[in-house]
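Trainee: Would you mind keeping the following structure in view while I ask a few things?
The values are calculated or read from the model by the stated rules, or taken from the named source; none is laboratory data. The structure displayed is predicted, hence computed values, not measured ones. With ideal geometry, Cβ positions are generated from the backbone for all residues, glycine too; neighbour counts draw on all protein chains shown. These accessible areas exclude ligands, DNA and RNA; they are computed on the full protein's heavy atoms, side chains included. Shrake-Rupley method; radii C 1.70, N 1.55, O 1.52, S 1.80 Å.
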Amino acid sequence: MLLGVQYYRPPSPDPTRWEADLDGVVRAGFDTVQLWLIWGWVEATEGVLDWSDYDRLMELAHARGLHVVISTITEMQPAWLLRRHPDAAAVDHLGRVSPSTTRVEAQAGVTPGGSFDDPRVLEAMRVFLDAAGRHFAGHPALVAWDCWNENRWAMEAAGHLDYSPASIRAFQDWLRERHGDLDGVARAWRRRFGGWEDVQPGRTPGLPYTDLVAFQRFLTERARKHLRFRRDTLRAADPVHPILAHCGEPSVNSAGSLFEQPLSRGNDFALADELDGYGCSSFPHLTGMSPLELGIRIEATRSAAGDRPFLLAELQGGGGRLGHHVLPPVTPEEQQRWLWNGIGRGAKGVIIWQWRDEVLGRESGGFGFAGDDGHAPGRFAAMARTGELIREHAALLDAYRPETARIGVLFLPDTYYLEWAQDGNEGRQAQGSVLGWLAILEQLQMPYEVLDPDHLGRLDDLRLLVLPWPLAVPDHALAAVRAWVERGGRLVTEADLHAFDDEAFYREPGERTAAAELGIRSRGRRALPGTGTLEVDLDGRAFTVPAAGWVEEYDSAGARVAARHDGRPVAVERRIGAGSVLGIGTFLARGRLRAPEEGALAFVGALVAGAGIEPSVRVGDTDGTTVQWRRGVSGDEELLFLVGPPSAELSVTLREGDVDGLAPLDALLGARVVPDGNSLHVTLSEWGVAVLRWR
């Protein structure tokens, strides 16, 4: 376990504060500090590398027994780079050279700078990363590299990037690899080209989908290639220390924002494949994030990390600021709930953002763990206790793994591309459907796994799989899902399964061969019922479920009709081998936002039970919005993490026989536990946390 805090983003904090601050970091229970190593700060003059401030900070940290994570910020480029190579500048979707400027929350270096596809930019970046790796690799304080902070690259642009000559060439090269030659692209895109100069990336949502989807997919894959470049450069210079990275938002949340296309910072599942660990930023009070939404972010990141360690890579330290607007403070109790919720879900590290309040731009006066929101003393005391607990139980927590999930939700990047191609940032149906299903599972407090089409290795752990907004599913993924169903899995798919092909051309209902092999034969879209709901029969029980978007009529020959609208079948279930497929001809999880949630919760609860999935823990009448839990194993011990209101009294029921012979039951963090057969009466700590263990 790593318990750290971000400390230095030049020029803050001022050097006169460093020694006293790092003494405070130790007193607060942290074992690690993170430093932003900004290219534009270190190499303000070409060829002159000034490491002096970092060298001193590394020595001060080491003298206090602190580890250091170095976060390499090469996307904040030195100004001389574009003076040397002015034709390397990034270009927006309107063909304008994007001016480079200091970033909104930092003033060292410029962004977006030179194109990440320009070999001259990459070579200068490689030289810097290599020098950094060689300079710090041997320092005894170094514990890890964070090679790409929030996977940022298009910051402060006034339009969508990158349409520079270098990026268009790279896009054409990518198409050549994908389709073989110009004729291959013409066949795939159903076009006629006179030459490669005719093959251009899509620029504006609402135009033909094919060009737009292809370019978004290229940007996602380019992010993976760029991450690999950073990793390989650092690894060559430092073959010892772990190399990590972290996203600003999980891929399931990344449907586009401002001038960023969906997943333009990369797909977490693919990025994590390149690394020794992966993390995500979370600032609950910056965006009004609920405990349920925080749980989704954590689970999505854990799922993407796979078997690698995952981190809460930037967890809010103190009350936020946005310009001259004051956001809620961060109390010690809620910060500890965020932290222990992450550990219970499997996190192997937490880095708090940040030690002192920010001093630049719109974030000024905010986010500091030691900052002035009125709660710093309480945060100090609570974190010191947590640091003590983590050190005391390091082996137990390092070995801990949450129990294997039996429910999966398939995240489909192509659906995010497709929707953005039509509606830009105004859509969100695909994202809303994915997050809606995850929210329902959080409310039911059922452990789940998020999968993506190229990471289906955990399918065989699952008994139930959901396909939200499945308009675009790669053929290879549907083939794997069908084989899983034949082996006994239960699949639930929303409307319009496999309606678009890989190049974003619409398939007429009769052309959806892969969907038909799963027993889903569409007869086309129909208007929503006026009630906004459907009556669905599941395993002999009737449920009123939300509807959104449209309803799809199905061919019901040989199937069990589960729902009708205007007399037409709009939900059908078929046996496929040893398993079954239930097609629901609408978007239930998205509809839950506009209709009473109880029907969706009851329906999904019945789906889970019908798949033979029983939770290993039941906690009173919680709906997952206030009390959350996760259970797992550490060696031959069992651990149960509970997070809820401070000092709340909970009734916790375990499966029969789970505690037989496993006494005594011990509670960390000051919670109180009274066993009663297979039930436990638990009083949470003053923070609202309990960690229970069976020895």
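Trainee: Given the options ALA439, GLY387, VAL466, identify the residue whose Cα lies farthest towards the positive end of the charge dipole of region 335-475 (+1 on Cβ of Lys, Arg; -1 on Cβ of Asp, Glu).
Mentor: Sorting the options by dipole projection puts first GLY387.
Trainee: Taking the convex hull of the Cα atoms, report for region 118-185 its projected area averaged over all directions, in nm².
Mentor: 7.2
Trainee: Okay, moving on. In whole Å, largest first, what are the principal axis extents of the Cα atoms in region 220-296?
Mentor: Computed over the Cα atoms, the extents are 42, 25, 18 Å.
Trainee: Relative to the Cα centre, what is the charge dipole magnitude of the chain, using +1 at the beta carbon of each Lys and Arg, -1 at the beta carbon of each Asp and Glu, and rounding to the nearest 20 debye?
Mentor: Here the size comes out at about 800 debye.
Trainee: Given the DSSP H assignment, sum -39500 (n - 2.57) over each helix run of at least 4 residues in the chain and divide by its residue total; what's the result at 222 nm in deg cm²/dmol, nearest 500? Can you show the working numbers first?
Mentor: Details: 20 runs with 224 residues, N = 695.
Helix-only estimate at 222 nm: -10000 deg cm²/dmol.
Trainee: Something else: How long, wide and thick is region 339-438, going by the Cα atoms along their three principal axes, in whole angstroms, largest first?
Mentor: Result, largest extent first: 50, 43, 16 Å.
Trainee: If you count the DSSP beta bridges with both ends in the chain, what percent of them are antiparallel, to the nearest 5?
Mentor: 55
Trainee: Return the carbon/sulfur percentage of the accessible area of region 265-371, one whole number, probe 1.4 Å, all protein chains in place.
Mentor: Ligands and nucleic acids excluded, carbon and sulfur reach 54 percent.
Trainee: Rolling a 1.4 Å sphere over the protein heavy atoms, what is the accessible area per residue of region 82-179, to the nearest Å²?
Mentor: 38
Trainee: I want to verify the translational diffusion coefficient of region 489-531 in µm²/s; compute it with Stokes-Einstein, Rh as the Kirkwood radius over Cα pairs, at 4 °C and 1.567 mPa s.
Mentor: On the way: Rh = 11.6 Å.
Here the translational diffusion coefficient equals 112 µm²/s.
Trainee: Also, I was wondering about something else. Rounded, prolate or oblate: which one fits region 316-389, using the alpha carbon gyration tensor with axes a ≥ b ≥ c (rounded when a/c is under 1.5, else prolate when a/b beats b/c, else oblate)? Working shown, then result.
Mentor: Details: a/c = 2.24, a/b = 1.80, b/c = 1.24.
Since a/c reaches 1.5 and a/b is larger than b/c, the shape of region 316-389 is classed as prolate.
Trainee: So if R0 is 51 Å, what FRET efficiency would TYR506 and ARG17 give, r being the distance between their Cβ atoms, rounded to the nearest 0.05? Walk me through the numbers before you get to the answer.
Mentor: Details: r = 60 Å, r/R0 = 1.18.
With R0 = 51 Å, the Cβ-Cβ based efficiency is 0.25.
Trainee: Report Rg/Rh for region 13-151, rounded to two decimals, where Rg is the Cα radius of gyration and Rh the Kirkwood radius.
Mentor: Computed over Cα atoms, the ratio is 1.03.
Trainee: Let me ask something else about it. Cα centroid distance between region 530-565 and region 681-695, in Å?
Mentor: 42
Trainee: Show me the GluC sites (Glu not before Pro) within region 2-106 that DSSP assigns to loop and that have at most 14 other Cβ atoms within 10 Å of their Cβ.
Mentor: GLU46
Trainee: Indicate the gyration tensor shape class of region 418-550 (rounded, prolate or oblate), computed on the Cα atoms with a ≥ b ≥ c the square roots of the eigenvalues: a/c under 1.5 is rounded; otherwise a/b larger than b/c is prolate and the rest oblate.
Mentor: rounded
Trainee: Compute the FRET efficiency between ASP181 and SER634 as 1/(1 + (r/R0)^6), taking r as their Cβ-Cβ distance and R0 = 51 Å, and round to the nearest 0.05. It would help to have the intermediate numbers written out before the result.
Mentor: Values: r = 54 Å, r/R0 = 1.07.
Step by step, r from the Cβ atoms, then E = 0.40.
Trainee: Evaluated at 4 °C with a viscosity of 1.567 mPa s, what Stokes-Einstein diffusion coefficient in µm²/s does region 133-257 have when Rh comes from the Kirkwood expression over alpha-carbon pairs?
Mentor: 76
Trainee: Moving on. Can you give me the accessible area per residue for region 503-560, using a 1.4 Å probe, in Å²? Display every interim value, and only then the final one.
Mentor: On the way: 2720 Å² over 58 residues.
Computed with neighbouring chains in place, this is 47 Å² per residue.
Trainee: With charges set only on the Cβ (+1 for Lys and Arg, -1 for Asp and Glu), what does the dipole of region 457-573 come to about its Cα centre, in debye to the nearest 20?
Mentor: So the dipole magnitude of region 457-573 works out to roughly 340 debye.
Trainee: Checking a compactness column here: for region 265-386, what do you get for Rg(Cα) / (2.2 N^0.38 Å), N being the number of residues?
Mentor: The value comes to 1.07.
Trainee: Let me ask another. Using a probe of 1.4 angstrom, how much of the accessible area of region 70-185 is carbon and sulfur, in percent? Don't skip to the end; give the middle numbers.
Mentor: Working: 2090 of 4060 Å².
So the carbon and sulfur contribution to the accessible surface is 52 percent.
Trainee: I would also like to ask the following. Rank-order 218-230, 350-362, 266-278 by packing density, defined as the average count of other C-beta atoms within 10 Å over each peptide's residues, highest first.
Mentor: 266-278, 350-362, 218-230
Trainee: Say R0 is 35 Å: what FRET efficiency, to the nearest 0.05, do ASP198 and ARG120 get from their beta-carbon distance?
Mentor: 0.85
Trainee: What share of all Cα pairs of region 521-570, in percent, falls into each consecutive 10 Å distance bin?
Mentor: P(r) for region 521-570, in whole percents per bin: 26, 57, 17.
Trainee: Something else: If a/c stays under 1.5 just call it rounded; otherwise compare a/b with b/c (prolate if a/b is bigger, oblate if not). Do that for region 547-695, with a ≥ b ≥ c from the square roots of the Cα gyration tensor eigenvalues.
Mentor: Numbers: a/c = 3.86, a/b = 2.14, b/c = 1.80.
Taking the square roots of the gyration eigenvalues as a ≥ b ≥ c, region 547-695 is prolate.
Trainee: How much accessible area per residue does region 361-480 have, in Å², with a 1.4 Å probe?
Mentor: 32
Trainee: Taking all protein chains as present, what is the carbon and sulfur share of the accessible area of region 549-695, in % to the nearest whole number, probe 1.4 Å?
Mentor: The value for region 549-695 is 47 percent carbon and sulfur by accessible area.
Trainee: If one computes P(r) from the Cα atoms of the chain, what percent of pairs lie at distances over 35 Å?
Mentor: The proportion of pairs with Cα distances above 35 Å equals 46 percent.
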